[in-house]
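Taking it in order: structure first as structure tokens, then the write-up.
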Amino acid sequence: MSTERKQIVRFEAVHKSYGAVKALVNVDLKVDAGECLGLVGHNGAGKSTLMNVLAGTIPSDQGIISVQGKDLAANYDVKKAHKNGIRCVFQELSLCPNLTVAENVRVVHKSLKGFGWKKRSRTLIKDKLDEIFPDHGIYTDDVVGDLSIGKRQMVEIARAFTVTDDPLHLVILDEPTSSLDSSTAQQLLDYVRKAVGNDQSCILISHLLGEILNYSDRILVMKDGEVVAERPAADFTRDLLVADMGSKIEAESTLSSERSMKVRNTAELMVRAGDKQQEDNIELLAHKGEIVGLAGLAGNGQAKMLLQVYDTAMKGTRRDSVDVQGPVSLVAGDRQADGIFHLWSIGRNVCVRSLRNMVTNFLIDPSLEQHMSELWRNKIKIKTPDMNNNILSLSGGNQQKALFARALGSDAEIVLMDDPMRGVDIGTKYEVYDLIKNESENGRTFLWYTTEIDELYNCDYVYIFREGKIVAEISHSELTEEKVLQASFEKGV
Amino acid sequence: MWGYLSSPKFLRSALPAASFLALLAAIFYLQPRTMSYFGLNLMLQYAVPIALATIAQMHILMVNDLDLSIGPFVGLTACIGATLLTTNPVLGILALTGCIAAYAGLGALIYWRNLPSIVVTLGMSFVWLGIAVIVLPTPGGKAPVLIKAIMGFKFPFIPLPIILATAIALIVHIGLMHSSYGAVLRGTGGNPKAVARAGWSLLKSKMLMYGTAGFFGVLAGLSLIGLTSAADAHIADRYTLYSIAGVILGGGEFVGGRVSAIGAVLGALTLTLTGSFLIFMKISPDWQIGAQGAILIIVLALRALINRKEA
Amino acid sequence: MNASTRVFENVFKKPWIWAYLGTLIVWLITIAFTKGQGAGDIVTAALSFATFTVIVGIGQMLVITTGPGNIDLSIPANIALSGAVTMKVMDGSNEMLLVGVFVALGCGLAVGIFNYSLIRILRIPPIIATLSSSFLILSTAIAYGRGLKIKPPPLLADFATMRLFGIPILAIFVIAMAGFFSIVMHRTLYGRSILAIGQNMRAAWLAGIQVERIRFITYVLSALLASICGLVLAGFSGGASLNMGEEYLLASIAVVVIGGSSVAGGKSNVPGIWGAALFLFLLVTMLNTLGVTAGLRLILTGLIIIAVITTAGGDKPQH
């Protein structure tokens, strides 16, 4: 056996920006044959972006992408990646729900055609499923849409490991165990080690630090688009990983811990949410004038709870698990999907939530609309020469400001925020933080879901979510980044 | 065993066959004399052209679009069949091939400009009708002898419509469900992004689906004149609604690429039977179209119940 | 959006101008051909006939504006039903006219509620829901109104056909109606809500709009307008007939598209509906005057619809 292992892929000084937001900064990476690279980091660290660039789904801005010794950075795409043996299993599934398992395998293997293709496809995927997940219980003629999400993930993973024409050198697994139960997850990780033993490579992204520590050869820690640490797995411990993911400087805050405590203990309860059926259940409580933060890794139930609160308030229904005492408004984080009305002007976008109060004789009073537009243009400093311009003429940060204006300018007593600062520049952020603080001092309640730990320092009270439940609660005075990280990731190894 | 039979999956796929058999059973009960070769042949006579039109619509629905022009298109192909095809077969075949190519071209246009198929096919319905009126201004024409012979053929034991319907269902079923490219085509309806990412051309698949729809539309028109002998531009106007209802009754979904060829044909057969059903129920033919609507609603209601059970 | 689309956007900045421009051009060509004869009559006829298309066009526009996939295919059946039922109820007498109006409104209300129930309770896509309900409605109309040769009450017939200085009174009413709905779209909560829902249903909900309530109102409004159309159309034509609504399905959608409303929803254009309705009628008149055969007329109408939508391009809603 040669001591020189073949290098599969190497990144050198790779950059990727989305406008003002730097998703990848000067990233170096290398993966040799027969090794498993673990990749960890908190929200927005750049892991997904990095993997997307590696798999060819996103182009990089600059830097060298060397695959099997050739620099392919120019025109690198999914086809090239595939031909060079790089596959990826992303979190969002790329199976066709209306096709069977065997048919889905056919879709990615052009050579599975002609007479008898179905049988070959069935055999191909069945063998692989048996190899990776013994006792999987999946029939190759099952329609994917009818399978549970766990089984779908198993199919997607097994499919990535099937080989027909294109070689297989490196498989990227992005949170592959998120929908798998513990025994199935175990099977997958064991298989990864087996594949690695056969000179295949793997990049494993997971928030389950135990998995990373036990199954990787090397670990890369990312934060804010940069690689901040890279060491053999044996040199890491769970605490070291957590420490590396955090920043060296503790963030500042202008909030007064005394006021936070006073509000929590004496102000009226505005929102109560939580599943009473669950044991060791921590309820979310928000009081008048309080800024409550929802933390933890993205997609662990925070947005779901916000929507539950929102729906309950909008529909006026009574539910056991949610109680809301006042009108609500919501600031969306995903502007395109949940917030912006792209055909409308900035002014209309801002006023839409508040129109009810502008109506006289069944007609909306244009002067009142104009007034509100101008008021908020100045208050939140939206950079535009004219509020009647189309909303898309604004920069991303200013569009987000418009969404804030919409929610804050309404009659809502409770404002829900769904990770609204994503991709917003630092100047805007600080302006809005101040605004939120002022509004809360005037009695407005905020439920603030954020994926950035630093922002939690603007909250009076923080709830940390994991796997759909609240697992920890911290008051402002006790808040540290380490506590949040600890609670966000799985306890124990 | 009972678990599988009462599972939502089985219930959903059995619904088309169940509806058809239920209706057939009701008819047999009302008028036992229909349980004969002659009876079935008469009741299901027009099943073939309707089934072909339904299959055409199915291909469009498979790629998440809707075709509001299939009725007039079938009328056009019927008119061409009753005129050009009889007088000048070569020209007739060329014209019909041109029609199929036009359909494929529509698919390309819709894909290229990302157009709503409803509006485009709406416009095309005028175009097809206009051409049909030019080809055959007044009802008339004569069907080619060959087609008449095929459609009038007396198969022993099993009535021709049933044979043809079964053949259509099987051929399309095998083509879509058993061929390797058929799997990819259906995939473009379920997750187009994923299929495109795997390197397949969405343009090609769309054009193929539309072209196939045009092909079956041509067959529908030709089989129709085989039954009626003469043609007229408006002869198949109702086929648009029939074809949509047929696909839906057959378990097809509006989005997601889940369609069933066998289900679609069964749906077409069910719709065809409603006329006879109403006659034997002594309900006036005025209610024929209403009955079709009611069946559609009942089937959809049952489907909604089954889906709710699954949730 | 590429450069050529942007150029088009600027040229046709006021989309309804385009439809009126087309109308003017077509009218000029027609009277050029007839050497000025009957120019006024053509305009009067256009106003007369286009009125009915506008009534249902507005309803269809409301439905289409609530978002992609929303369309009311039950309009023709509704027209036929309303025509048949009201004629029978009024039985040609002026005293029953008011009752007839209420019956028409009742028809519309029932159809609208039925349509929406299919959409909401059975979770059927609006196209299929209105399609299946149209089957039932049409059958009801046929069964109820077969052999109907009842003349409309004289008052209704007069109202539908009388003219003031060459302008049909009905047209004046419908112009006012269009004006009313224009104001609704621009200045009322309801109008603003539809426009929001059409652009992004989810964002509308998250912005505090009661989405399902608005959709319900919209489907009911469309049905009400179709029923009213049936009533006055029967008055205009001297009675109801079973296929009186047939041409209005395609026509209602065509005037929405040509009039400049977005098929993807979120952008409405009421003045454009009048322009498009006039345009379509005058186009047919022009082609007739020029001696173009029926077949060619149909082809050109279809090609124009396709040309308009191809130029506008598909507006894919943000996902």
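The values are calculated or read from the model by the stated rules, or taken from the named source; none is laboratory data. For clarity, every value in this text was computed on a predicted model and none was experimentally measured. A quick note on method: Cβ atoms are made from the backbone with ideal geometry, for glycine too, and the neighbour counts reach across all protein chains shown.
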Please tell me if B:ALA268 is buried (at least 23 other Cβ atoms within 10 Å of the Cβ) and either more than 11 Å from chain C (Cβ to nearest Cβ) or farther than 29 Å from C:THR140 by Cβ (or both).
yes
With the checklist (1) more than 23 Å from B:GLY221 (Cα to Cα); (2) surrounded by fewer than 20 Cβ atoms within 10 Å (Cβ to Cβ) in hand, flag the one item B:ILE171 doesn't pass.
(1)
Options A:ASN357, A:ASN378, A:ASN349: the member that is more than 30 Å from A:ILE474 (Cβ to Cβ), touching a Phe, Trp or Tyr at 6+ places or on another chain (Cβ under 9 Å) and in a helix (DSSP H, G or I)
A:ASN349
So the helices (runs of 4 or more DSSP H) completely within the range A:98-168 holding 1 or more residues that are surrounded by fewer than 18 Cβ atoms within 10 Å (Cβ to Cβ) are A:117-132, A:149-160
Looking only at the range C:201-225, count every residue that is buried (at least 19 other Cβ atoms within 10 Å of the Cβ) and in contact with an Asp or Glu (Cβ under 8 Å, 6 or more places away or on another chain) and tell me the total.
5
Select from the range A:291-331 the residues that are assigned to a loop (DSSP other than H, G, I, E, B) and under 18 Å from A:GLU439 (Cβ atoms) and write down the one among them that is nearest to the other protein chains (Cβ to nearest Cβ).
A:PRO327
Picking from A:VAL192, A:VAL221, which residue would you name as being farther than 19 Å from A:GLY296 by Cα and in contact (Cβ under 8 Å) with a residue 24 or more places away in the chain?
A:VAL192
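For the range C:8-97, which fully contained helices (runs of 4 or more DSSP H) count at least 1 residues that are surrounded by fewer than 24 Cβ atoms within 10 Å (Cβ to Cβ) and in contact with a strand residue (DSSP E or B) (Cβ under 7 Å, 6 or more places away or on another chain)?
In the range C:8-97, C:39-65 are the helices (runs of 4 or more DSSP H) which contain 1 or more residues that are surrounded by fewer than 24 Cβ atoms within 10 Å (Cβ to Cβ) and in contact with a strand residue (DSSP E or B) (Cβ under 7 Å, 6 or more places away or on another chain).
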How about the range A:90-141: which of its residues are over 30 Å from A:LYS47 (Cβ atoms) and hydroxyl-bearing (Ser, Thr, Tyr)?
A:THR100, A:SER111, A:SER121, A:THR123, A:TYR139, A:THR140
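Restricting the range B:221-260 to residues that are within 14 Å of chain A (Cβ to nearest Cβ) and small (Gly, Ala, Ser), which is surrounded by the fewest Cβ atoms within 10 Å (Cβ to Cβ)?
Restricting to residues being within 14 Å of chain A (Cβ to nearest Cβ) and small (Gly, Ala, Ser), the top hit is B:GLY256.
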Could you please give the count of residues in the range C:281-313 that are within 7 Å of chain B (Cβ to nearest Cβ), assigned to a helix (DSSP H, G or I) and farther than 22 Å from C:TRP18 by Cβ?
4
Consider A:GLY63 carefully, then state whether it is at pLDDT 85 or above, surrounded by fewer than 21 Cβ atoms within 10 Å (Cβ to Cβ) and within 14 Å of another protein chain (Cβ to nearest Cβ).
no
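Residues B:LYS154, B:LYS148: which one is among the charged types (D, E, K, R), modelled with pLDDT under 90 and within 17 Å of B:VAL218 (Cα to Cα)?
Being among the charged types (D, E, K, R), modelled with pLDDT under 90 and within 17 Å of B:VAL218 (Cα to Cα) holds for just one of B:LYS154, B:LYS148, which is B:LYS148.
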Among the residues of the range C:237-260, write down those that are polar (S, T, N, Q) and away from chain B (no Cβ under 13 Å).
C:SER237, C:SER241
Would you check which residues across the range A:308-317 are in contact with a helix residue (DSSP H, G or I) (Cβ under 9 Å, 6 or more places away or on another chain) and either exposed (fewer than 15 other Cβ atoms within 10 Å of the Cβ) or on the phi > 0 side of the Ramachandran plot (or both) and list them?
A:THR317
Restricting attention to helices (runs of 4 or more DSSP H) lying wholly within the range C:200-266, give those where 3 or more residues are free of Cβ contacts under 8 Å to residues at least 12 places away in the same chain and in contact with a helix residue (DSSP H, G or I) (Cβ under 9 Å, 6 or more places away or on another chain).
C:201-206
Could you please let me know if A:GLU131 is modelled with pLDDT of 90 or more, within 28 Å of the chain's Cα centre (by Cα) and not aliphatic (A, V, I, L, M)?
no
Yes or no: the range C:242-258 includes at least one residue that is more than 30 Å from A:VAL309 (Cβ to Cβ) and of a type in the set (Ser, Thr, Tyr).
yes
Among what's in the range B:195-211 and is over 15 Å from B:ASN64 (Cα atoms) and facing chain A (nearest Cβ under 8 Å), pick the residue that is surrounded by the fewest Cβ atoms within 10 Å (Cβ to Cβ).
B:GLY199
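Does A:LYS79 qualify as being over 19 Å from the mean Cα position of the chain (by Cα) and without any contact (Cβ under 8 Å) to a residue 60 or more places away in the chain?
Yes; evaluated as a whole, the condition is true for this residue.
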May I ask you to say which residue of C:GLY166, C:GLY179 is among the small types (Gly, Ala, Ser), surrounded by fewer than 16 Cβ atoms within 10 Å (Cβ to Cβ), over 22 Å from the mean Cα position of the chain (by Cα) and under 30 Å from C:GLY275 (Cβ atoms)?
C:GLY166
How many residues does the range A:159-200 contain that are of a type in the set (S, T, N, Q) and out of contact with any helix residue (DSSP H, G or I) (no Cβ under 8 Å at 6 or more places or on another chain)?
5
Hey, can you tell me all the residues within the range C:135-156 that are assigned to a helix (DSSP H, G or I) and more than 7 Å from chain B (Cβ to nearest Cβ)?
C:ILE137, C:ALA141, C:TYR144, C:GLY145, C:PRO154, C:LEU155, C:LEU156
Determine which member of the set A:THR480, A:THR450 is β-branched (Val, Ile, Thr), touching a residue at least 24 places away in the same chain (Cβ under 8 Å) and crowded, with 18+ Cβ neighbours inside 10 Å.
A:THR450
Just give me the residues in the range A:84-104 being more than 28 Å from the chain's Cα centre (by Cα) and within 11 Å of B:SER180 (Cα to Cα), in sequence order.
A:ALA102, A:GLU103
Does any residue of the range B:124-147 turn out to be away from chain C (no Cβ under 14 Å), under 20 Å from the mean Cα position of the chain (by Cα), under 30 Å from A:ALA102 (Cα atoms) and in a helix (DSSP H, G or I)?
no
Pick out, from the range B:167-229, the helices (runs of 4 or more DSSP H) lying fully within it that include 2 or more residues that are modelled with pLDDT under 95 and among the hydroxyl-bearing types (Ser, Thr, Tyr).
B:180-190, B:202-228
Residues satisfying the stated conditions in the range C:157-182, i.e. assigned to a loop (DSSP other than H, G, I, E, B) and under 16 Å from C:PHE52 (Cα atoms)
C:MET162
Residue pairs meeting the criteria (Cβ under 8 Å; at least 6 apart or on separate chains; first within 7 Å of another protein chain (Cβ to nearest Cβ) and touching a residue at least 40 places away in the same chain (Cβ under 8 Å), in the range A:96-114; second in a loop (DSSP other than H, G, I, E, B) and among the aliphatic types (A, V, I, L, M))
A:VAL108/B:ALA198
